[in-house]
1. Looking at region B:337-394, which of its residues are hydroxyl-bearing (Ser, Thr, Tyr) and touching a residue at least 24 places away in the same chain (Cβ under 8 Å)?
2. I'd like to know if region A:60-71 contains one or more residues that are farther than 30 Å from A:ALA130 by Cα and without any contact (Cβ under 8 Å) to a residue 12 or more places away in the chain.
3. Based on this model, can you work out whether B:HIS361 counts as farther than 22 Å from B:VAL27 by Cα, open to solvent by 60 Å² or more (accessible area, probe 1.4 Å), in a helix (DSSP H, G or I) and not assigned by TED's automatic domain parsing to the domain that holds B:LYS266?
4. If you take the residues of region B:256-275 that are closer than 30 Å to B:MET451 by Cα and in a helix (DSSP H, G or I), which of them is most open to solvent (accessible area, probe 1.4 Å)?
5. Yes or no: region A:208-224 includes at least one residue that is within 14 Å of another protein chain (Cβ to nearest Cβ), within 25 Å of A:ASN51 (Cβ to Cβ) and buried (at least 19 other Cβ atoms within 10 Å of the Cβ).
6. How many residues does region B:418-450 contain that are acidic (Asp, Glu) and open to solvent by 20 Å² or more (accessible area, probe 1.4 Å)?
7. Mind listing whichever residues of region A:325-359 are within 30 Å of B:SER141 (Cβ to Cβ) and of a type in the set (S, T, N, Q)?
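The values are calculated or read from the model by the stated rules, or taken from the named source; none is laboratory data. Here the structure is a predicted model, which means the values were calculated and not measured. Ideal geometry is used to build each Cβ from the backbone, glycine not excepted, and the neighbour counts take in all protein chains shown. Heads up: the accessible areas ignore ligands, DNA and RNA and are worked out on the full protein's heavy atoms, side chains in. Shrake-Rupley method; radii C 1.70, N 1.55, O 1.52, S 1.80 Å.
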Protein chains: 2
Amino acid sequence: MSQLRLINPKVQNIRALELDTLVRKAVRIEEELKQGLKKPYNEVINVSRCNPHATGVKPLSFFRQVIATCSYPTLIEGDTMPLDVRERAKTLLGECSGGSIGSYSFWPGLPHLQRSISKFISHRDGGVPAPPDNIFVVGGSHQALKLLLSILVDGSRSPPAGLLVPVPWKTTSVTNMEAVGGVAVPYYLDGQQGWRLRVEELRGALLSAVGACHPVALYVSNPGDPTGHVQSRESMEEIIRFVFEEKLFLLADEVHQEIVIGEGCKFISYKKVLAEMGAPFSDTVELASLHSVSQGFMGEGGLRGGYMELVNMDPSVMKSFYVVLCQLNVSILGQMALNGMLNPPKPGDPSHALYEEEIQHIRSTMIHNVTRAMKVLNSLPGISCKPIGGGAYMLPRLHLPHGAIQQAKEEGRLPDCFYCSRLLEQTGLCVCPGVDLGLPEGTHHIRFSIMTSMDTMEEVLRRLSTFHKRFMKDFS
Amino acid sequence: MSQLRLINPKVQNIRALELDTLVRKAVRIEEELKQGLKKPYNEVINVSRCNPHATGVKPLSFFRQVIATCSYPTLIEGDTMPLDVRERAKTLLGECSGGSIGSYSFWPGLPHLQRSISKFISHRDGGVPAPPDNIFVVGGSHQALKLLLSILVDGSRSPPAGLLVPVPWKTTSVTNMEAVGGVAVPYYLDGQQGWRLRVEELRGALLSAVGACHPVALYVSNPGDPTGHVQSRESMEEIIRFVFEEKLFLLADEVHQEIVIGEGCKFISYKKVLAEMGAPFSDTVELASLHSVSQGFMGEGGLRGGYMELVNMDPSVMKSFYVVLCQLNVSILGQMALNGMLNPPKPGDPSHALYEEEIQHIRSTMIHNVTRAMKVLNSLPGISCKPIGGGAYMLPRLHLPHGAIQQAKEEGRLPDCFYCSRLLEQTGLCVCPGVDLGLPEGTHHIRFSIMTSMDTMEEVLRRLSTFHKRFMKDFS
């Protein structure tokens, strides 16, 4: 007998992801393997989400040495660590209360971090200023998004607030919006045109929302998660004009900005484009830009560090941010990782050569992985895989035989879930079904991370090919 | 000109704390000191919140060595670190995806952590079972509280949900409730009786809520934050009977459980008392218990680790917890700190002797600090300071002269804010004014942390005494 009869219905309505079920199954399989159960594979490979260190990418040594030294400052003495590591650790510990990473970090975080981020942004954007007061240190982009939406959305309002989200989407954009009582309004990216964002689509989405919700913001992801599309300046200008006209808040998820590998592709920040468009856009459009240490070359998702820059926000809204953020204690080591991402070793520093070597290795691995995946997958029947400009994912489309669709239906499952579930059971490979990305029924996709070692990618492609050929044969 | 006209009014209504203003001022003063400005003191001491490492308490070596080794696994080789540290690091890294602390940790966290917590609780509670599935790894007790309230409270309901909170309160209990659209219903602890909780007070609070809100839960803090009161078994049984009768959810904040120093005081968990009361209580009363690495002997607030145990929850409510928690990535190093807190070095381990020595030193420092503070403060005119049973704070009462109250009024401030503000300006000492703890107008208190080194406590008492004597003289 339970006494509790009241629970927030918004939470009850949060959609459970198919991927969560798959991941739980993957965990169970791993346990069975550990217990000695025989399967046609020795280990589970989970590339359903981008989790670089879990799939063979090595952490960058310099930052890990700094974190180890800050955790156990005795390492500042002696020569276990390189000189620049010890110096960096000394500086960072000097910024912690009592010289300890165990102290709470109250708003706004480590004393010099806001200024450091400001310099990084301004340098990246060719000199566009980034006032430190507009920068908030957070525990990753997911936390930033939750915070933003909790401030922007009044869950008790009717009609509810709406957030325009791209399809295919990053699942957290939708679940976080729904958790605060808002509505996700989908706009569709053009899969035939490399997942380009077309403004007509945005206008259509706004029309579709009439009556159902009151759209307050547009969410964009660049480089695209999970599409790999890198937006052009022209497209970004169009989008900025659109949010200006429609008085929408622009929420730019730019966490994959470091990984741009497509020919002719270049990452430009929304902040830079907005500033360069001049008035009335540059001093009116409200923008939040998110960045994190979890993606890119660092890939330190376990450390929980990131930042959010706010542009053109009303001072009264900023005040609310300050109040909410005063209560946020971001992990000190997450903040130190962020400091590292913004201030890597410089030429001449003892750690510079190794750092450059490690970065180059990750970059060439990514290019290799994408090239190999394109080649292997496009040689298979019933899969088509388009080139990507950047980001962390491949998103191949499956053309499943009628028999498979029929079988899935009989088992009460969607075809891509059916495919992913069998793939996991038979080969120990876990990928994300397209249905979790909002892709419409009738089209079938899988998403997998390219941020793996070359060996892991070879094994991913081997398992996927073997399974796929058999699957196509079995159901043809 | 701002385009954004909509913002969640619940966020706008979150009360800003006087302490936040004081802390911002303290940060400014610190910067001025660094810039060479002359003041009657060389540094700011902030004891307004319990932040042990910031105020001279040393971290426990074993755990820091483990964290350093996990961050930079090269340290597993060689003999920079003791053998048991290297072994623990190897085990913990074996539980991280890809053997890296940089991997995301998806629900339910590191594989063995739930079982480890379960064992710890059951051992602490004399064998009462603690099923691992009821245990959730979180990034500190503050995050746990936010999560709980966001699940329990439907912000769009009218009348809103209510949470019974003790006065003096832990500020986060109130601000988090208000942020989700709920109402904090105060119940007053008896300052004349060592801040004991009386059930008649709870009944009165329920009556006071009629019409204004619909109470759903009772929040208790044991050992009391900020009162230092340690609840007796009899009192806890009374409270459990009360929540049973009134069908309230019981939210037990037990983060200070390690620090019990009063004679005859003993920490007993609500879970244990509930289990030992038997049916109908033990299988009906819904309970959440919070614990964290931020307090107690570890004091690692910067690492962000903790857990929450749920008892007697309805399976449908548990399902909501799973969905929300699937999206929570708790810092891996915070989880490792939690593993350490639950599994300290054992007798015979290379690190055991040092660990014991460090723990004993912290314990005797706390006893020394409380004894000294009692002696010094009670010798001053216009301050009375009662003994505490445990927890992290002293909460002396101020008996301010009429002149001071008048002067505060003229400056448009509450008397204890006026006192704290002057204390900070004149001596560089930052303490928390009673008004932030919900204490009623007309009584004046200050709160300060006892989790400091002995030297820091001496300096705190020296500054406070000098200031207080002058203050009393100036306004008499």
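1. B:SER351, B:TYR355, B:THR365, B:TYR393 - these are the residues of region B:337-394 that are hydroxyl-bearing (Ser, Thr, Tyr) and touching a residue at least 24 places away in the same chain (Cβ under 8 Å).
2. no
3. Spelling it out, B:HIS361 is indeed farther than 22 Å from B:VAL27 by Cα, open to solvent by 60 Å² or more (accessible area, probe 1.4 Å), in a helix (DSSP H, G or I) and not assigned by TED's automatic domain parsing to the domain that holds B:LYS266.
4. Among residues in region B:256-275 that are closer than 30 Å to B:MET451 by Cα and in a helix (DSSP H, G or I), the one most open to solvent (accessible area, probe 1.4 Å) is B:LYS272.
5. No; the residues of region A:208-224 include none that is within 14 Å of another protein chain (Cβ to nearest Cβ), within 25 Å of A:ASN51 (Cβ to Cβ) and buried (at least 19 other Cβ atoms within 10 Å of the Cβ).
6. Looking only at that region, the number is 2.
7. Listed by number, the residues that qualify are A:GLN327, A:ASN329, A:SER331, A:GLN335, A:ASN339.
Table: residues versus (1) β-branched (Val, Ile, Thr); (2) within 11 Å of chain B (Cβ to nearest Cβ).
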| residue | (1), (2) |
| --- | --- |
| A:PHE120 | no, no |
| A:ILE135 | yes, no |
| A:GLY139 | no, yes |
| A:SER150 | no, yes |
| A:GLY155 | no, yes |
| A:ALA161 | no, yes |
| A:VAL167 | yes, no |
